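Right, one structure below, let's go through it.
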Amino acid sequence: MTENSTPEVADSTLEAVESTPESLVPESQAPARRTGGLALRAGAAVVVAALLGVGIGVGILKVKYPDTATTAAPQPSASAPSGSPKPSFGANSSGYHFGSMRDLLVPVPNGYQLGPDSGAYGNDTELTADQRTSWVEDAVLGLPAKMQQGVRDRWKELHLRGAGVRTFRSGQDDLVVTMWLVQYQQDAVKADNALVEALGSDSGLFRTGPDVPGHPEAHCYLPFAAPGDAIDSLICSAAEGDLRVEMRVEGIAPLPKDKAVTLFTQQLARLASPGASA
Amino acid sequence: MDEQVTEELEQTPEVEETAEQEQEQEQEQPKPQRGRTARLLVAALLLGPLAGAGVGYAVQAARPATALPPLAVAAPAYPSAALDAKAAAEAAPKALNIDGDLRKLLIAKPADAESWDDFGRGELNGWLSVGEKAMNYGGADREFGRLLSGGFRRDALVVWKKGDTKYEVELIQYAAGHASSAVDAVDSRPSDVHPIEGTSTGFYSAAKTPKTYAESTEQYYAGTAVAHRGDVVMRISVFSPNPVDENELKDLAKRQWERLV
């Protein structure tokens with residue numbers, strides 16, 4: 001165990017970064033490691049991806065939101081046509097969603113089954129109050145230490161009312177989709193979604209993703225990937241009233257983006273306001 | 001025929017008349033006698049069982065009834081009060097710790113270790129997604145499909161580095177019904193292995209010869225420790241420019257295993 005000096009480590013990393021020939025891939029399952037392709041940019045992408053996940057920015061943190069959303073909230077489906085049976089989930093015209101998160105999440109479609117767990121939260125879960133607290137802690141983990149307390153305070157202020165996750169895996173085992181719904185103040189949801197759009201298009205760390213037909217407020221981005229990477233990923237974000245919808249896709253390259261966008265469209269249609277229960 | 005013969009023989013010529021009379025008597029008398037016997041026998045045959053059944057019935061009916069044996073099982077009883085949900089939940093068996101947050105079961109990063117980015121994949125929140133995990137191997141696309149069809153559920157990890165030696169400790173869990181994937185993970189082993197104390201199949205091994213990273217010419221010495229508990233695989237991987245210290249690996253494996261038991 002010789003303690004080598006740090007500069008040497010940095011040098012070897014750089015060398016490894018520069019010398020990643022695609023030709024020498026041993027076509028076996030041997031646990032031979034890749035020497036992290038382009039570690040620096042990937043590292044930056046990781047931090048930005050974390051920002052996307054939380055959907056915050058320093059500017060957002062300072063914005064004060066009027067408390068209209070929460071006061072309007074607790075009257076579910078006031079606009080529902082009288083006489084018809086009241087749906088157990090859906091949205092009202094003010095954008096407030098009611099019902100279980102697991103009902104609001106798009107059901108597993110044909111050709112898919114439930115996928116791997118999303119970390120500690122399972123693959124088909126409505127988060128409890130305790131889980132929502134730990135969700136905030138998880139969101140904070142990847143951030144620079146200076147920002148962490150600010151993010152915690154922000155979530156406390158925003159009244160994280162609900163969260164749910166469902167994951168999907170394609171029948172061909174080539175695609176995994178993780179769909180998150182996070183419920184908090186409408187204005188903040190909207191602002192977060194706009195921030196995601198700005199980061200996705202202006203930061204230069206992402207490739208522009210596919211459009212979501214019929215939903216101009218939804219945006220998709222592909223995180224940075226080295227050329228020739230066998231696995232690609234995609235992030236889509238949208239704001240539906242008081243719900244922020246985030247879809248993360250991982251799959252074998254080339255990613256079947258149309259399949260992912262179809263699933264995202266189905267999810268947004270389910271949350272459409274008002275009366276999403278059809 | 002024989003009877004007729006004997007009768008004729010008995011009819012001696014000395015007394016023909018008496019013989020004739022006797023013959024008439026014999027012919028008249030035996031007929032009704034035989035018919036009566038037969039009828040008597042038939043009647044006895046029919047009446048006997050009837051009478052027997054009647055008597056038997058009477059005897060049995062006169063006896064006192066035998067009491068039924070008690071039920072083998074206690075009769076179901078219903079609680080009169082409503083069940084206290086809280087108390088019932090507390091009395092229910094606790095969830096297994098391997099079904100909770102796996103990150104809490106990982107050993108801690110040593111105090112003197114530096115942080116490491118896990119080959120550029122970062123250590124964002126302590127979880128490795130299926131895509132990120134597949135990317136750690138050459139032939140990532142096939143690895144991705146293999147993990148999913150094997151029932152990959154989640155992978156919690158902690159990584160660090162000491163000098164040029166990199167450490168990765170993972171707890172890989174497979175979905176219900178895919179525990180065989182966890183067993184298989186321990187089955188594929190290098191040739192020179194030592195058992196991990198307290199496990200049935202777990203092993204640790206420090207390679208004597210270097211390997212080459214995928215998509216690179218850089219060489220490394222591998223140290224591996226693998227064991228499984230139910231559907232969770234514990235995997236410790238050490239990557240070093242020098243041969244890996246076996247005793248250190250053994251100690252890591254032992255400490256991580258103790259947290260799973």
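Peptide packing: for A:116-124, B:93-101, A:150-158, the average count of neighbouring Cβ atoms within 10 Å per residue gives the ranking A:116-124, A:150-158, B:93-101, highest mean first.
Roughly how crowded by other chains is peptide B:112-119, in terms of the mean Cβ count from those chains within 10 Å of each of its Cβ atoms? Present the calculation step by step, with values, prior to reporting the outcome.
On the way: counts 1, 0, 2, 0, 1, 7, 3, 9.
That average works out to 3.
Ranking of A:HIS219, B:HIS194 by neighbouring Cβ atoms within 10 Å, starting from the fewest: B:HIS194, A:HIS219. Helix B:246-260 and the longest principal axis of the C-alpha atoms of chain B enclose an angle of approximately 50°.
Report, ordered by chain and residue number, the lysines lying within cross-link reach of B:LYS208, taken as a straight Cα distance under 25 Å and ignoring same-chain residues fewer than 8 apart. Partners found: B:LYS161, B:LYS162, B:LYS166, B:LYS250, B:LYS254. Between rounded, prolate and oblate, where does chain B land on the alpha carbon gyration tensor, with a ≥ b ≥ c its root eigenvalues, rounded for a/c under 1.5, else prolate if a/b exceeds b/c? Prolate, since a/c reaches 1.5 and a/b exceeds b/c. Taking amide hydrogens as placed 1.01 Å from N in the peptide plane, the amide H of A:ASP174 sits under 5 Å from that of no residue at least 5 positions away in sequence or on another chain. Peptides A:232-238, B:45-51 ordered by packing proxy, namely the average of other Cβ atoms within 10 Å per residue, highest first: A:232-238, B:45-51.
Annotation for region B:38-67 versus region A:102-151: alpha-carbon center distance of 85 Å.
Amide hydrogen proximity for B:GLU218: with H placed 1.01 Å from N in the peptide plane, the residues at 5 or more positions away or on another chain lying under 5 Å are B:TYR213. In plain terms, the residue of A:THR262, A:THR167, A:THR128, B:THR199 with the fewest other Cβ atoms within 10 Å comes first and the most crowded comes last, giving A:THR128, A:THR262, B:THR199, A:THR167. Taking amide H as placed 1.01 Å from N in the peptide plane, A:GLY162 has its amide H under 5 Å from the amide H of A:GLN183, each at least 5 places away in sequence or on another chain. Restricting the trypsin sites (Lys or Arg not before Pro) of region B:132-175 to loop positions (DSSP other than H, G, I, E, B) with no more than 13 neighbouring Cβ atoms within 10 Å leaves nothing.
Mind checking the mean number of beta-carbon atoms from other chains within 10 Å of the Cβ atoms in B:215-228?
Mean partner-chain Cβ count within 10 Å for B:215-228: 3.
Pairs of Cα atoms under 8 Å, at least six residues apart: use those to get the relative contact order of chain B, whole percent. Working shown, then result.
Values: 320 pairs, mean separation 33.9, N = 261.
Over chain B, the number comes to 13 percent.
If you keep only loop residues by DSSP, which chymotrypsin sites (Phe, Trp or Tyr not before Pro) in region B:210-256 have at most 16 other Cβ atoms within 10 Å of their Cβ? Those that pass, being in a loop and sparsely packed, number zero.
Between helix B:16-28 and chain B there is an angle of about 40 degrees, using the helix long axis and the longest principal axis of the Cα atoms. Straight-line reach from A:LYS190: which lysines fall under 30 Å, measuring Cα to Cα and dropping same-chain residues less than 8 apart? Correct list for A:LYS190: A:LYS62, A:LYS64, A:LYS86, A:LYS146, A:LYS156, A:LYS257, A:LYS259.
Comparing Cα centroids, region B:217-261 and region A:197-247 end up 37 angstrom apart.
Read-outs throughout are calculated quantities, based only on the coordinates presented, and are distinct from any laboratory measurement. Keep in mind that what you see is a predicted model, and the values were worked out from it rather than measured. Cβ sites come from the backbone with ideal geometry, for glycine too, and all protein chains shown count toward neighbours.
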